[in-house]
Amino acid sequence: MSANETALVNVTGEPLLINPNKTFADVNAEVAAPIERKPGRLWWIFFTISVLLTLQFAAEITYQIIKGVGIWGLNHPVGWAVDITSFVFWIGIGHAGTLISAILHLFRQRWRTAINRSAEAMTIFAVMTAGLFPLIHTGRPWFAYWLVPYPNWRYLWVNFRSPLVWDVFAVSTYMTISICFWYTGLIPDFASLRDRSTGWRRGIYGVLSLGWRGSERHWQHYERAYMMLAGLSTPLVLSVHSIVSFDFATSILPGWHTTIFPPYFVAGAIFSGFAMVVTLLVILRKVFKMEEYITMHHLENMNKIILVTGMMVGYAYATEFFIALYSGNPFERFVFLNRAGGPFAWSYWIMVSCNVISPQVFWFKRFRRSLVVMFIVSLLVNVGMWFERFTIIVTSLHRDFLPTNWSYYKPTIFDFSVIIGSFGFFFMWFLLFCRFFPTISMAEVKQVLWNSKKAAGKVPATKAEKIHA
Amino acid sequence: MLELPFLRPKPMRGILALYDNPDEILTAAALVTEHGFRNVDAYTPYPVHGLSEALGIRKSWVPYVTLVMGLTGAALGLTFEIWTSAIDWPINVGGKPMVSLPAFIPITFESGVLIGGTMTLAALLVACGLPNWQAPILDRDLTNDRFGLFIPETGPAWNEDRAIQFLRSTRAVDVRVIRG
């Protein structure tokens, strides 16, 4: 199959995004196939595991709400650990979805069409997962509504100068806009599913499609609205992780109080998110037989982005270190030396080896195009990026200005329970999505398909195209 | 199909021509206005570029909603921050000024995006008259692999034969009379 793929190139030598021998009807039939047949054994195995992990997650949260956050390894001075680490991690995962759907759309990167739907779904589920952490971390989640400014009996408002309040606005806006964007993209595909199905399915997809019929008058509005949402999502995604980084950067703790944080966090978010997209797509294309849509070319492009953002992250690590040493600030210098050589050095070096060293294999085309290599690297990057947030949060907290404050953070079984539980929760939603929603944007792929047909000379060029050529 | 009242189609009358590729419908669309047909619409599985120009469909007004609502949202966000922090109950937090503009920027921006984005989706739905579960589905393949050109029955000067004749002269794979 790989020989077949490399053979398909256009006049400029770029690989075609999709096999030009396909018909429009093939696209609908093949994308809808996983939804229309009963799920296979693999799906059930993954789903059962995810549901079990989610159940233990729910049990852990319930117990923690009853007992208090003390069941975690949190204590003075490490008051933020796996909870906030996981929050930042999951928000970061979400960013790649928006990058693929919005930023690549604005840059006219047509290869995004096969992967944007699943990447956007990943965004939404990742943000849902992330949103749980600040809530349970407050210890009294039944007062979570205090985070929102609302008229109340105490006549009090939230403190708008606090980055934690900015976070509430940023994350909830991000969630809302991501859902709007995703749903807009889904409308024409729900209509396609409606027109293929009968009975109760037709009713459900009919309602979800809102009665979309593909009228040109509607497409005209649709395309412009989609462009506007992409335009809004682009600065939004950059702002969200910048604001998350402000949670740290606006404090005065050495290791947190640094101006490099916003771009460093955004690069890291995109890096980890792309790794998660690669992890998911390698599985998805295999389980649902989407190899002809999510081609090696798509995966290779994503691996290139992993390489680039991985080096940005590596550069940020180096800059942080350099500035800490160069600043002449003894506290700053201590924190960084303590990171690389202190009691949490293991975490620091896991981060460096996973995030900076492992993506370097992608300099070689052979590895960029190897499913096994990219799957392993994507998992390593996910691990590395989780430890990056852990390193930033825990090593900065555990030894601050006064040695009397120093301590070591030891996770309990409940810390591990929330980490694996969050993965179960995320995968449960993603698996349900793969089962009931079209994982590839059919309408957009058809557009790309027609271009591929033209490029491969499968259909005659029109008069205007001949003149243009 | 579920027999729910809101899913029952509303009648539509006119002539529908089906094409099996986007280039054919573009060629036909370029001729249809020249032949004097009005309010012609196309139904396609994906947006075919050039079709709205050929059919004389005006550019969407949705982006103006995004702009105006985005700016309105940002203005509302900032006003709310200033009102709560400096007017309704001014509290001195860490000696910062009551109107701490730099600290108010993130939420100003987020409110702009939130209102702008949700209103863009709302405007899209209003512009397309969605949800509209009563609109008839002219052909099930129009969301699959067929491209349809629809000439609606208009006014007393309507000449059905002329429309059929014209559409047959294009490279349509099928021409159908739609009644109800």
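The values are calculated or read from the model by the stated rules, or taken from the named source; none is laboratory data. Source: prediction; values computed, not measured. Note that each Cβ is placed from the backbone with ideal geometry, even for glycine, and that neighbours are counted across all protein chains shown.
Here are a few things to note about the model shown:
- Qualifying positions in segment A:153-189 - among the small types (Gly, Ala, Ser) and either over 29 Å from A:VAL207 (Cα atoms) or more than 9 Å from chain B (Cβ to nearest Cβ) (or both): A:SER162, A:ALA170, A:SER178, A:GLY185
- Residues in segment B:78-100 that are more than 7 Å from chain A (Cβ to nearest Cβ) and either over 26 Å from B:VAL113 (Cβ atoms) or touching an Asp or Glu at 6+ places or on another chain (Cβ under 6 Å) (or both): 5 in all.
- Which listed residue is part of a helix (DSSP H, G or I) and either modelled with pLDDT of 95 or more or in contact with a Cys (Cβ under 9 Å, 6 or more places away or on another chain) (or both), from A:PHE321, A:PHE336, A:PHE387: A:PHE387
- Within segment B:123-150, considering residues that are free of Cβ contacts under 8 Å to residues at least 40 places away in the same chain and aliphatic (A, V, I, L, M), the one nearest to the other protein chains (Cβ to nearest Cβ): B:LEU130
- In the set (1) in contact (Cβ under 8 Å) with a residue 24 or more places away in the chain; (2) within 24 Å of A:GLY268 (Cβ to Cβ), A:TRP406 fails one condition alone, (2).
- Qualifying residue in segment A:222-234 (condition: surrounded by fewer than 22 Cβ atoms within 10 Å (Cβ to Cβ) and acidic (Asp, Glu)): yes
- Selection within segment A:285-341 - within 23 Å of A:ILE393 (Cβ to Cβ), surrounded by fewer than 18 Cβ atoms within 10 Å (Cβ to Cβ) and within 22 Å of the chain's Cα centre (by Cα): A:MET312, A:TYR315
- Selection of segment A:156-169 for residues being outside any helix (DSSP H, G or I), touching a Pro at 6+ places or on another chain (Cβ under 7 Å) and not aliphatic (A, V, I, L, M) yields only A:TRP157.
- Qualifying residue in segment B:106-119 (condition: over 20 Å from B:LEU16 (Cα atoms) and over 29 Å from the mean Cα position of the chain (by Cα)): yes
- Hits in segment A:208-259 - residues which are within 7 Å of chain B (Cβ to nearest Cβ) and among the aliphatic types (A, V, I, L, M): A:LEU210, A:ALA225, A:MET228, A:LEU229, A:LEU232, A:LEU236, A:ILE243
Here's the yes/no breakdown for (1) in a loop (DSSP other than H, G, I, E, B); (2) not β-branched (Val, Ile, Thr):
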| position | (1), (2) |
| --- | --- |
| A:ARG117 | no, yes |
| A:THR129 | no, no |
| A:PHE133 | no, yes |
| A:PRO149 | yes, yes |
| A:ARG154 | yes, yes |
| A:MET175 | no, yes |
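- Any hit, segment B:108-125, residues being over 30 Å from A:ARG202 (Cβ atoms) and surrounded by fewer than 18 Cβ atoms within 10 Å (Cβ to Cβ): no
- Options B:PRO152, B:PRO156: the member that is within 20 Å of B:ARG13 (Cα to Cα) and either among the hydroxyl-bearing types (Ser, Thr, Tyr) or crowded, with 16+ Cβ neighbours inside 10 Å (or both): B:PRO152
- Filtering segment A:60-95 to residues that are buried (at least 21 other Cβ atoms within 10 Å of the Cβ), among the β-branched types (Val, Ile, Thr) and over 26 Å from A:SER245 (Cβ atoms) leaves nothing.
- Residue list for segment B:101-116, restricted to those being without any contact (Cβ under 8 Å) to a residue 24 or more places away in the chain and facing chain A (nearest Cβ under 7 Å): B:ALA103, B:PRO106
- Against the test of being under 24 Å from the mean Cα position of the chain (by Cα), farther than 21 Å from A:LEU186 by Cα and more than 10 Å from chain A (Cβ to nearest Cβ), the options B:GLU160, B:GLU153 yield a single qualifying residue, B:GLU153.
- Residue within segment A:96-112 that is out of contact with any helix residue (DSSP H, G or I) (no Cβ under 9 Å at 6 or more places or on another chain) and not hydroxyl-bearing (Ser, Thr, Tyr) present: yes
- Selection from segment A:168-227 of residues that are of a type in the set (Val, Ile, Thr) and farther than 30 Å from A:PHE143 by Cα: A:THR184, A:ILE187, A:THR198, A:ILE204, A:VAL207
- Hits in segment A:268-295 - residues which are of a type in the set (S, T, N, Q) and within 30 Å of A:ALA318 (Cβ to Cβ): A:SER272, A:THR279
- Scan of segment B:30-74 for residues that are at pLDDT below 95, away from chain A (no Cβ under 11 Å) and either surrounded by 13 or more Cβ atoms within 10 Å (Cβ to Cβ) or within 19 Å of B:ALA172 (Cβ to Cβ) (or both), ordered by number: B:LEU31, B:VAL32, B:THR33, B:GLU34, B:HIS35, B:GLY36, B:PHE37
- Selection within segment A:197-207 - facing another protein chain (nearest Cβ under 7 Å) and either of a type in the set (D, E, K, R) or within 23 Å of B:LYS59 (Cα to Cα) (or both): A:ARG202
- The number of residues in segment A:19-52 that are of a type in the set (S, T, N, Q) and either within 26 Å of A:ASP195 (Cα to Cα) or within 14 Å of chain B (Cβ to nearest Cβ) (or both) comes to 4.
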